[in-house]
1. For region 1-26, which positions are under 25 Å from LYS73 (Cα atoms), assigned to a loop (DSSP other than H, G, I, E, B) and open to solvent by less than 100 Å² (accessible area, probe 1.4 Å)?
2. Residue by residue through region 31-51, note down the ones that are among the hydrophobic types (A, V, I, L, M, F, W, C) and under 19 Å from PHE19 (Cβ atoms).
Amino acid sequence: MTSININLSDKTLKYLQDFSKESNIDLEKLCEVILDTFVDFGGRLFTGDWREGIRLVIDWPSKLHFAIVKIRKEEMQKTREV
């Protein structure tokens with residue numbers, strides 16, 4: 001599995017950190033699940049030219065109102081051991 005570093009706004013980081021603590025899910029695992037779910041449920045990205053740069057359209061999966069993702073205990077352990 002490949003890892004990347006990303007920059008998040010303070011607001012986004014705080015939200016994810018708070019949820020991570022409340023739900024006892026490692027922050028990195030939480031971010032991984034969110035992004036994998038976007039792809040697994042058919043999320044799409046579109047780009048186009050914009051006079052000030054590039055326009056990015058994020059099409060969140062809308063097949064379901066919500067997604068339930070199950071994380072096995074052994075998957076949780078892997079993230080905590082790293």
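The values are calculated or read from the model by the stated rules, or taken from the named source; none is laboratory data. Not measured: the values here are computed from a predicted model. Please note: Cβ atoms are built from the backbone with ideal geometry, for glycine as well, and neighbour counts cover all protein chains shown. Ligands, DNA and RNA are excluded from the accessible area calculation, which covers all protein heavy atoms including side chains. Shrake-Rupley method; radii C 1.70, N 1.55, O 1.52, S 1.80 Å.
1. ILE25, ASP26
2. Within region 31-51, CYS31, VAL33, ILE34, LEU35, PHE38 meet the criteria.
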